[in-house]
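Notes for the one structure printed next.
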Amino acid sequence: MRYTITVLVQNHYGVLSKVSGLIARRGFNIESLAVGVTENPNVSRMTIVVDCDESGIEQVEKQLNKLIPTIKVKVLEEGSYLARELTMVKVSCNSRQREEIMTLAELMHARIIDVTASSLTLELTDTTARTENFISLMHQFGIKELVRTGISAIELGANTTKK
Amino acid sequence: MTGAQIILECLKQEGVSVVFGYPGATIAPFYDAIALDSAIRHVLVRQEQNAGHAASGYSRASGKVGVCCTTSGPGATNLITALATAYMDSIPMVALTGQVRSDLLGRDVFQEADITGACEPFTKHSYLATDTQELPTIIKEAFHIASTGRPGPVLIDLPQDTLEREFVGEFRYPDSVDIIGYKPRTKGHPLQMKRALDAIAKAERPIICAGGGVVSAKARRELIKFAEKLDIPVVSTLMGVGMMPTEHPLYMGMLGTHGIYSANYAIHHADLVILCGARVGDRAMAKADQIAKKAEIIHIDIDPAEIGKNMKADIPIVGDIRLVLKSITEKCEEFSHRDWVEDLKAKQAEHTPVFRSIPGQVDPRNFMRTLSEEVSKRSKAILVADVGENQIWSANNFAFKGGRFLTSGGLGTMGYSLGAALGAKIAKPERQVFAVCGDGSFQMMMCELATLVQHDIPVKVVIMQNNRLGMVRELQDKLYEGRYSGVMLDGSPDFVKLAQAYGIASERIEDDSDVNAAIGRMLDCDSTYVLVCRVAEDIPSRQEN
């Protein structure tokens, strides 16, 4: 099963490798990992998506908690959070196809961020499901390059994940 | 003061009096600081791994944080096995490694190795100290992290320029640490403690399984009181051996693959298992699921990640074992489980091993029993067992009355004993310290005989020589139809002559009838001693013949 974990860590040298190494060492696959600094410059937040079973996620949570630079670990419950990822996709595009791609982009709320005579680059920020839909729509034009950040997640409502 | 001198000051503030190590170019500024200050004793080992094992033995015998230091590159990588050994057994240690100058990091210069990266899975925490000003904070944190919560090794990697640079301003060692994400819980949760009390009151066949956590928590006395007041029999894992006195009527021995019958019978027939600082390793409880099916499980551990990892726990108690056991004992009324204890005692008596004397051979089990009898007349000994058959013979046959048993239980590191024993002897000079090893493990560490001589560390070394890598040979007998592969130790030197070449008193015994007198001579000798026992190759590690 796919689990989304949000982790607050000290913004230090080597912390990312400690966190990712710990998960990988226990044989779990990281589907995505997004990291950035928080409102407190000494603290970073990671959103990690891991594919594992229930006992696996319990171990991941407990082991992450044991890392000294870890401040808070929370496995987010399905339906309790908002998740978005940023995708940039470069598709082949001649002048005849341009309009069709632009229509699709508009429908999907994607933005066109670069244009050449033979390509278009689009940007989409959305849920994983809608992102995958968008990517499958782009396949017909020929995807030259695809870049995804993996999701960042935030809890719904007034709750925050803080120490 | 330079960074190196600052480190020395910090170590003194932490009460460190001895450092085990091996010098080299990048750590040289620290060695110079040692040369200028006699407050800290440096023990030069002969290979870096043994500096780590010595710090481990020192730590385990003294209850303090052991310290070792090596240079960068190969010095640091040689230390990895010792760090991994300490990590698996939760031993508090601080390792200082030299590193190339910070402006050269990542350029693959001479003797550069990414040691913090390499040791990530084997250390509780690590630092790459690039700022001299941060050294006091780092060292304060390192000792705190190593020794609190679930203890473990902490590595501080020290680029040469960090050591050489002048510290700016007045040196002040921090009084306290505040690490936002590190606040180990020591007191058990009251609700879970209440549930544990109820479960204990209901149980008819309860058993306590004492692991290495009891040692780490210094909870020996609390364990005995708990067991006695509640009349609950005790089994131990390899790491917990020695906590419950061997002769105690409630002690049923070591459990597991290499344990004894009564202990395994006890854990498989209990209706309540109280795990105390035992992480349910596969060698201790190969069939943890089966045990958990039949019994309710109370799991007490300071590390929440251990609870539910290898065995489901019905009642998890996260906390310091000493505090938790003390609190439960105080709140509990006295119980009696006479029938259950007598049942186990009967099983223990039925399966008492019988030794058969073979002329021209020493039975190692008989040897260990005799050694333990002779030693107990004199002092509380520290017995360091290596890894292999010698380890199991020691664990099952040496009777502990208050002494200590040290071994590499988790990682199973051959070549642990001599380093650990020399560290333990320095920590407790008034105690007899024994290193028991096989001829395989001895040859992994025999260079350390020189360390014993140079620093006048009177450790007694017992070599069980059967000219085989016995434990692997047993495995090949069992699983590979006796096709022995790579287990014959031909070409070994005469260990008595070898010891004598170092100026160490030594003798060989080749018959059970020689054991008593030889042990007497070894114990009477005030200096280092090597006793070689000729052991029949077919004596198994298992207790029952």
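Brief remarks on what is shown
- Residue in region B:93-101 that is assigned to a loop (DSSP other than H, G, I, E, B) and not assigned by TED's automatic domain parsing to the domain that holds B:G277 present: yes
Quick grid of which residues meet (1) of a type outside the set (V, I, T); (2) at pLDDT 95 or above; (3) closer than 28 Å to B:M446 by Cβ:
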{"site": "B:A4", "(1), (2), (3)": "yes, yes, no"}
{"site": "B:I7", "(1), (2), (3)": "no, yes, no"}
{"site": "B:E14", "(1), (2), (3)": "yes, yes, no"}
{"site": "B:S56", "(1), (2), (3)": "yes, yes, yes"}
{"site": "B:T71", "(1), (2), (3)": "no, yes, yes"}
{"site": "B:A76", "(1), (2), (3)": "yes, yes, yes"}
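- Residues (more than 14 Å from every other protein chain (Cβ to nearest Cβ) and of a type in the set (V, I, T)) located in region B:165-180: B:V168
- Looking only at region B:290-345, and only at residues there that are in contact with a helix residue (DSSP H, G or I) (Cβ under 7 Å, 6 or more places away or on another chain) and without any contact (Cβ under 8 Å) to a residue 12 or more places away in the chain, the one that is surrounded by the fewest Cβ atoms within 10 Å (Cβ to Cβ): B:G308
- Any hit, region A:93-115, residues being loosely packed, with under 13 Cβ neighbours inside 10 Å, under 30 Å from B:V318 (Cβ atoms) and either of a type in the set (S, T, N, Q) or more than 14 Å from chain B (Cβ to nearest Cβ) (or both): no
- For B:M311, the conditions (1) away from chain A (no Cβ under 14 Å); (2) among the aliphatic types (A, V, I, L, M); (3) over 22 Å from the mean Cα position of the chain (by Cα) all hold with the exception of (1).
- As for region B:151-161, it holds no residue that is away from chain A (no Cβ under 14 Å), within 27 Å of B:I80 (Cβ to Cβ), crowded, with 23+ Cβ neighbours inside 10 Å and touching a Cys at 6+ places or on another chain (Cβ under 6 Å).
- Residue check: B:F110 meets all listed conditions (1) away from chain A (no Cβ under 14 Å); (2) aromatic (F, W, Y); (3) crowded, with 20+ Cβ neighbours inside 10 Å but one, namely (3).
- Number of the exception - B:V100 against (1) away from chain A (no Cβ under 14 Å); (2) surrounded by fewer than 18 Cβ atoms within 10 Å (Cβ to Cβ): (2)
- Pairing residues of region A:10-35 that are within 14 Å of chain B (Cβ to nearest Cβ) with residues that are assigned to a helix (DSSP H, G or I) and hydroxyl-bearing (S, T, Y), at Cβ distances under 9 Å and at least 6 apart in sequence or on separate chains, gives A:G14/B:T116.
- Condition met for B:T413 (outside the structural domain of B:G66 (by TED's automatic domain parsing), over 20 Å from the mean Cα position of the chain (by Cα), in contact (Cβ under 8 Å) with a residue 24 or more places away in the chain and on the phi < 0 side of the Ramachandran plot): no
- Residue match in region B:74-90 (condition: among the acidic types (D, E), over 30 Å from B:Y502 (Cα atoms), within 14 Å of chain A (Cβ to nearest Cβ) and part of a loop (DSSP other than H, G, I, E, B)): no
- Hits in region B:203-223 - residues which are more than 20 Å from B:G410 (Cβ to Cβ) and touching a residue at least 60 places away in the same chain (Cβ under 8 Å): B:A203, B:E204, B:R205, B:P206, B:I207, B:I208, B:E222, B:L223
The values are calculated or read from the model by the stated rules, or taken from the named source; none is laboratory data. As the structure is a prediction and not an experimental result, all values here were calculated from the model. Here Cβ is always computed from backbone atoms with ideal geometry, including for glycine, and neighbour counts include all displayed protein chains.
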